[in-house]
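First up is the structure itself, then whatever we jot down about it.
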Amino acid sequence: MNETSVNSRLLWCDAEANAGRLSTLEGVRDVVLKANHAKIDTLIVDVKPLIGEVLYMSDLAPRLGDIDGVRFPESFDLLDAMIREGHANGISIHAAINVFSEGNRQLNRGPAFDHREWQSTMYEVSRTVTISGVLVKVDDVDPWVLSDVPTLYTRKFGMTLSTVDGKLYIVIREHTVESVVHVCGAELCIPENGCVLVLSSTGSNLDVKEGDLVEFKSEPVFRLAQDSKVPSWGLFVNPTGPARAYELQIISELALKYDIDGITFDRMRYANLSADFGASSRAAFEKYLGQVVRWPGDIFTIDDAPWRPPTSGKYYREWLEWRAWQIHDFAKDAVNLVRGIRPEAKVGVYVGSWYDSYYDVGVNWGSSAFHPGYSWMTPAYNSTGYAEFFDYICTGCYYANVTCDDARLKGVSAGATVEAACDLSNTAVCDASPVFGSLYLRDYEGNAGKFQNAVEMVLRKTAGVMLFDLVYLEEYGWWPALAETLEKS
């Protein structure tokens, strides 16, 4: 970590969400002046969003194309404009990059679609459900958008599911049909120990009734990230594959070509627990372990019942440690690269505050001195912590309830609060780096007072605040509320 001080009031400017606002010099100037008035000292400019197309003059990456009907002019360099306007107004500019996301799966666009060898290989399953002697192949589990294919919904989707016309809804608790619903507009409770099977009511040949037994089967399947059945926006690449060198080149290019005050790494991680199960990752892990493993059963087994968690294999904890080492080593190389080119630049990282489950994306953002002894940790897991590398760590404290008392009054977990998230973040980082509690402004939509309380909580508990995102300050008209809060804090 650099010895010099770090600014502590940061505002994230998402490239895609703010495309219309930040596609002209006038728009940039307007945002910078508002930020200056509100006492924001740092703007984090998203110049490589998850799509992998960029908003600076790159010799490596493709230019960002049309987003929501907006196209950045080819001659307009957002990062350069932000630097010039920001520095003229005393505001630091940090370039943000989505490190290991190289495509947008909803738009089917991005460099990783053209470089399939970059993509993560996902360990998933092919599922079937048998009811009343009829076997149904399930194509989707917990999708964001309902389609015409047989679909299963579990509590990972949410607590409830709204029915629509033309669908048959079979509520299953454990392995028994609890109810069959044909009507539109009903609100179904998704069982905690079960699921809801959704079929087309016109194409289904099921004669199903309450009390029928249900059998679930699954077979392991390995898919490229673009074909994954897990809904996500980002198309993730393998951190240990050929894209690794490309990402370091992107970082080097930014540090060399632009007078940035800092750089912030986002999505510097695996996509989820199912990544990466490609041949190269297997070979590297077996070399790390010193023996051949049964693949993928020695890591974990996905349960036939879709609501149940995976079953850990004999080397599950070692696998989590190995993945954390991959991100640790990349972070070390990336930070050293920036500092070798631009020693005065600050290097930060953006992560989720839920440390106790963040291992599922292969990241240990805590200090190497922090070892709480969670069951999934190896004795040496703490050594993978990378907090010591960074000048600041933004931890997403994404909770609508601000204080632990707020949560208790509502009968929900006190851990799911901004206050508790700040405390956990500080504990995990162990003063190895400044922690900036980060807020998702949409959590407070329609309640400016609660937004202000959340900002005050973060500033009281951590070294600074990071606000995500500019688009919500604009949509909600919260610039005055922010200025009032930061003025007195």
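When the residues of the range 457-489 are filtered to those that are open to solvent by less than 30 Å² (accessible area, probe 1.4 Å) and of a type in the set (S, T, N, Q), the one that is nearest to Gly348 (Cα to Cα) is Thr462.
Just one of (1) open to solvent by 10 Å² or more (accessible area, probe 1.4 Å); (2) out of contact with any strand residue (DSSP E or B) (no Cβ under 8 Å at 6 or more places or on another chain) fails for Lys346. It is (2).
Is it true that Val230 is under 22 Å from Thr301 (Cα atoms), modelled with pLDDT under 95 and either touching a Phe, Trp or Tyr at 6+ places or on another chain (Cβ under 6 Å) or among the β-branched types (Val, Ile, Thr) (or both)? Yes, satisfied. Scanning the range 74-128 for residues that are over 20 Å from the mean Cα position of the chain (by Cα), at pLDDT 95 or above and of a type in the set (Gly, Ala, Ser) returns Ala81, Gly86, Ala88, Gly90, Ser92, Ser126. Here Val335 fulfils each of the conditions (1) open to solvent by less than 30 Å² (accessible area, probe 1.4 Å); (2) more than 22 Å from the chain's Cα centre (by Cα) apart from (2). Taken over the range 298-313, the criterion of being loosely packed, with under 14 Cβ neighbours inside 10 Å and either touching a Cys at 6+ places or on another chain (Cβ under 8 Å) or in a loop (DSSP other than H, G, I, E, B) (or both) is satisfied by Arg308, Pro309. Within the range 286-297, being among the aliphatic types (A, V, I, L, M) and buried (at least 17 other Cβ atoms within 10 Å of the Cβ) holds for one residue alone: Val293.
Does Glu318 satisfy the condition of being over 15 Å from Tyr386 (Cα atoms), in a loop (DSSP other than H, G, I, E, B), open to solvent by 50 Å² or more (accessible area, probe 1.4 Å) and not aliphatic (A, V, I, L, M)? Here the answer is no, as Glu318 does not meet what is asked. Here is the figure for the range 412-433: residues that are surrounded by 15 or more Cβ atoms within 10 Å (Cβ to Cβ), among the β-branched types (Val, Ile, Thr) and in a loop (DSSP other than H, G, I, E, B) total 1.
You will find that of Thr24, Thr42, the residue that is among the polar types (S, T, N, Q) and more than 23 Å from the chain's Cα centre (by Cα) is Thr24 and no other. Looking across the range 185-208, the residues that are among the aliphatic types (A, V, I, L, M) and surrounded by 16 or more Cβ atoms within 10 Å (Cβ to Cβ) come down to Leu188, Ile190, Val196, Leu197, Val198, Leu199, Leu206, Val208.
In the range 209-225, the residue that is nearest to Thr301 (Cα to Cα) out of those that are open to solvent by 50 Å² or more (accessible area, probe 1.4 Å) and within 33 Å of the chain's Cα centre (by Cα) is Pro220.
Among the residues of the range 434-445, how many are surrounded by 24 or more Cβ atoms within 10 Å (Cβ to Cβ) and among the hydroxyl-bearing types (Ser, Thr, Tyr)? Of the residues in the range 434-445, 1 are surrounded by 24 or more Cβ atoms within 10 Å (Cβ to Cβ) and among the hydroxyl-bearing types (Ser, Thr, Tyr).
Residues are listed down the side, and each one gets a yes or a no for (1) within 22 Å of Tyr374 (Cα to Cα); (2) in a loop (DSSP other than H, G, I, E, B); (3) small (Gly, Ala, Ser); (4) out of contact with any helix residue (DSSP H, G or I) (no Cβ under 8 Å at 6 or more places or on another chain):
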site	(1), (2), (3), (4)
Ile263	no, no, no, no
Ser274	yes, yes, yes, yes
Ala324	yes, no, yes, no
Ala331	no, no, yes, no
Asn336	no, no, no, yes
Gly340	no, no, yes, yes
Val349	no, no, no, no
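If we scan the range 446-456, do we find a residue that is part of a helix (DSSP H, G or I), within 26 Å of Gly262 (Cα to Cα), touching a strand residue (DSSP E or B) at 6+ places or on another chain (Cβ under 6 Å) and open to solvent by 50 Å² or more (accessible area, probe 1.4 Å)? No; the residues of the range 446-456 include none that is part of a helix (DSSP H, G or I), within 26 Å of Gly262 (Cα to Cα), touching a strand residue (DSSP E or B) at 6+ places or on another chain (Cβ under 6 Å) and open to solvent by 50 Å² or more (accessible area, probe 1.4 Å). Across the range 233-280, the qualifying residues are those that are within 20 Å of the chain's Cα centre (by Cα) and of a type in the set (Asp, Glu), and the one among them that is surrounded by the most Cβ atoms within 10 Å (Cβ to Cβ) is Asp276. For Ser413, the stated conditions do not hold, so it cannot be described as among the polar types (S, T, N, Q) and under 25 Å from Val347 (Cα atoms).
Each row is one residue, and each column tells you yes or no for (1) in contact (Cβ under 8 Å) with a residue 12 or more places away in the chain; (2) in a helix (DSSP H, G or I); (3) at positive phi.
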{"residue": "Ser368", "(1), (2), (3)": "yes, no, no"}
{"residue": "His371", "(1), (2), (3)": "no, no, no"}
{"residue": "Tyr374", "(1), (2), (3)": "yes, no, no"}
{"residue": "Asn382", "(1), (2), (3)": "yes, yes, no"}
{"residue": "Ile393", "(1), (2), (3)": "yes, no, no"}
{"residue": "Ala400", "(1), (2), (3)": "yes, no, no"}
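Among the residues of the range 402-411, the ones that are part of a helix (DSSP H, G or I) and open to solvent by 40 Å² or more (accessible area, probe 1.4 Å) come to 5 in all.
For Asp406, indicate whether it is over 18 Å from the mean Cα position of the chain (by Cα), acidic (Asp, Glu) and farther than 27 Å from Leu248 by Cα.
Here the answer is yes, as Asp406 does meet what is asked.
The values are calculated or read from the model by the stated rules, or taken from the named source; none is laboratory data. What you see is a predicted model; the values in this text were computed from it and never measured. Note that each Cβ is placed from the backbone with ideal geometry, even for glycine, and that neighbours are counted across all protein chains shown. Each accessible area value is taken on the protein alone, full model and side chains, heavy atoms only, with ligands, DNA and RNA left out. Shrake-Rupley method; radii C 1.70, N 1.55, O 1.52, S 1.80 Å.
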